[in-house]
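Here is the structure we will look at.
None of the figures in this text is laboratory data; all of them are computed from the coordinates on show. Keep in mind it's a predicted model, so treat the numbers as computed, not measured. Note that each Cβ is placed from the backbone with ideal geometry, even for glycine, and that neighbours are counted across all protein chains shown.
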Amino acid sequence: MVLVKVRNVRRVPLRNRRSMVTAMVGDATGSFGLTFFNQPWRERQLKTDQEIAVFGKPERFRGKLQMTNPLVDIVGNRTGRIVPIYPQSEKSNVTTWELTGWVENALERAAPRTISDPLPAAQRERLGFVSRNAALSKIHFPDSIVDKERARERLSFDELLRVQLVLVGRKKAFERDNTGLKH
């Protein structure tokens, strides 16, 4: 994420009724370009001297730094917290903000019922893990990077535990079903 100020915005018409909006943004350390393909509404959204948070992958194009189709948040809308960025394809036509809203809704709806935790509280404490509910919530909406890492560690542990349990189950089934050769 980069916190910058919009310096200028312009729309460039392309062939086949497609459009491209470019914006120069920057802060005290320098500036770079934003390029939005087929998002003509960005011209209305971005205003000169407006402060925005930009989420994306910086790349070099023709020797200049730019981000193509980054996520943009007008400061004050959703900033002030760590913002999840979900992988997505352009074909899905789903924005990160929509996906974030759906995840938030699912977690809120699941909260009263609590998601079962296969790890007993005593083991969780001994290992220094958070509960599964907390991990699922904090992986998507952490209050800090430490919270995100603790959630990731817990969910990684759960994944490895599931793999181990499957392997133990297969071994038991193999031992039960295969008595070996009789001599």
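Which helices, counted as full DSSP H runs in the chain, have an axial Cα extent of no less than 20 Å and a Kyte-Doolittle average of -1.0 or above?
96-110, 145-177
Given PHE129, LEU155, LEU119, which one lies farthest toward the positive end of the charge dipole of the range 105-177, if we put +1 on the Cβ of every Lys and Arg and -1 on the Cβ of every Asp and Glu?
Result: LEU119, furthest along the dipole toward the positive end.
Ranking request for peptides 122-128, 29-35: highest mean number of other beta-carbon atoms within 10 Å first, then the rest in descending order.
Values: 122-128: 10.6, 29-35: 15.1.
Packing proxy ranking, top to bottom: 29-35, 122-128.
Any idea what the dipole of the range 105-177 comes to, in debye rounded to 20, about its Cα centre with Lys/Arg Cβ at +1 and Asp/Glu Cβ at -1? Present the calculation step by step, with values, prior to reporting the outcome.
Details: 15 positive and 11 negative charges, 45 e Å.
Dipole of the range 105-177, to the nearest 20 debye: 220 debye.
Suppose R0 equals 25 Å. What FRET efficiency, 1/(1 + (r/R0)^6) with r the Cβ-Cβ distance, do THR95 and ARG162 give to the nearest 0.05?
With a Förster radius of 25 Å, E is 0.20.
Which value, in debye to the nearest 20, describes the size of the charge dipole of the range 2-80 about its Cα centre when Lys and Arg Cβ atoms bear +1, Asp and Glu Cβ atoms bear -1, and nothing else is charged? It would help to have the intermediate numbers written out before the result.
Working: 15 positive and 6 negative charges, 99 e Å.
Here the size comes out at about 480 debye.
Can you list, largest first and rounded to whole Å, the semi-axes you get for the range 2-80 by taking the square root of 5 times each eigenvalue of its Cα gyration tensor?
20, 15, 11
Just to confirm my numbers, what's the Cα centroid distance between the range 128-183 and the range 34-77 in Å?
If we compute the Cα centre of each part, the gap is 39 Å.
Run the numbers for ASN178 and ASN133: contour at 0.36 nm per residue of separation, minus the present Cα-Cα distance, in nm. Write out the running numbers ahead of the final one.
On the way: separation 45, 0.36 × 45 = 16.20 nm, distance 4.02 nm.
Full-extension gain reported as 12.2 nm.
Which of the peptides 11-18, 129-136 is most tightly packed, and how do the rest follow, judged by the mean count of other Cβ atoms within 10 Å per residue?
129-136, 11-18
Tell me which of PRO58, ASN38, VAL25 sits at the most positive position along the dipole axis of the range 2-80, charges placed on C-beta atoms (Lys, Arg +1; Asp, Glu -1).
Of the candidates, ASN38 comes out farthest on the positive side.
Considering all projection directions equally, how large on average is the shadow of the alpha-carbon convex hull of the chain, in square nanometres?
19.1 nm²
Could you compute Rg(Cα) / (2.2 N^0.38 Å) for the range 105-177, with N its residue count?
My calculation over the Cα atoms of the range 105-177 gives 1.33.
Using the basic label-point model (7 angstrom from Cα toward the beta carbon), what is the ARG124 to GLU59 distance in nanometres?
4.3 nm
If you look for lysine pairs in the chain that are eight or more places apart or on different chains, how many of them have Cα atoms under 27 Å apart?
The number of close lysine pairs in the chain is 11.
Relative to the Cα centre, what is the charge dipole magnitude of the range 1-145, using +1 at the beta carbon of each Lys and Arg, -1 at the beta carbon of each Asp and Glu, and rounding to the nearest 20 debye?
680 debye
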